[in-house]
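Right, one structure below, let's go through it.
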Amino acid sequence: MPDVFRNVILKLNEIGAFNFLFPFMLTSAIFYGLLRKSKIFGADSDRNVALNGVIALTAAFMVWAFPVINGVDIQAHLSAFFMQGMVVMLVLMVGLMIAGMIFPENISEKLWEIWKGRSTPTTIFLIAIIVGIVVFITSGLVSLFLTPDMLAVIPSDILLTLGLVLVMIIPLIWIATPGK
């Protein structure tokens, strides 16, 4: 029996759902959530629902007009980016589940007492940013922003060396920072 989902995905691809529609919907939802949360147009966010919606839709159209007008195909890069991001999240979730089975129940409280003096949230945020940048580069999205001429200016071995040096320096800074 033929795979029904494969046919549906291929039809959605034919009509451009992955190239424009789904990224547009995601962008507009993010813009709308940010506008609602920031309350930039007034403290009462219930009265500004329509205004936030119109601005979010307009901004999302403006963002996604660029790839359509310039003929840039972003579909393969975005699907690779989200797939790699999901793999990273699944690995973290499985690691946490395994840790939950191995370690005692109150391990989070003990770890928090150990890390109390350090800037743990900042460290976790920096690690998440670094993982996001790695996924951004490996998915190919960086090629949409940097042309091959720009990338040819700096040799790849120098970029790799700089990246490795940063990866080594960040833990040293974290270790050397005195606890409070």
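Listed values for segment 71-86 are Karplus-derived 3J(HN,Hα) couplings in whole Hz (6.51 cos²θ - 1.76 cosθ + 1.60, θ = phi - 60°), namely x, 8, 8, 9, 4, 5, 5, 5, 5, 5, 4, 5, 5, 5, x, 5, and x replaces Gly and Pro. Over the C-alpha trace of the chain, radius of gyration and Dmax come out as 21.8, 64 angstrom.
Distance between the modelled labels on VAL131 and LEU10, one decimal in nanometres: 3.6 nm (7 Å Cα→Cβ projection).
When the helices in the chain are scored as -39500 (n - 2.57) per DSSP H run of 4 or longer and the sum is shared across all residues, what 222 nm value do you end up with, to the nearest 500 deg cm²/dmol? The per-residue figure over the chain is -25000 deg cm²/dmol. The angle between the Cα long axis of helix 156-176 and the longest principal axis of the Cα atoms of the chain comes to about 40 degrees, rounded to the nearest 10. The GluC sites (Glu not before Pro) of segment 44-130 that meet both conditions, a loop assignment by DSSP and at most 15 other Cβ atoms within 10 Å of the site Cβ, are GLU105. Note: relative contact order over the chain, using C-alpha pairs below 8 Å and six or more positions apart, is 22 percent.
Here, each number is a calculation from the coordinates, and none is a lab measurement. Note that the structure is a prediction, hence the values are computed from the model and not measured. No Cβ is skipped: glycine too gets one built from the backbone with ideal geometry, and neighbour counts run over all protein chains shown.
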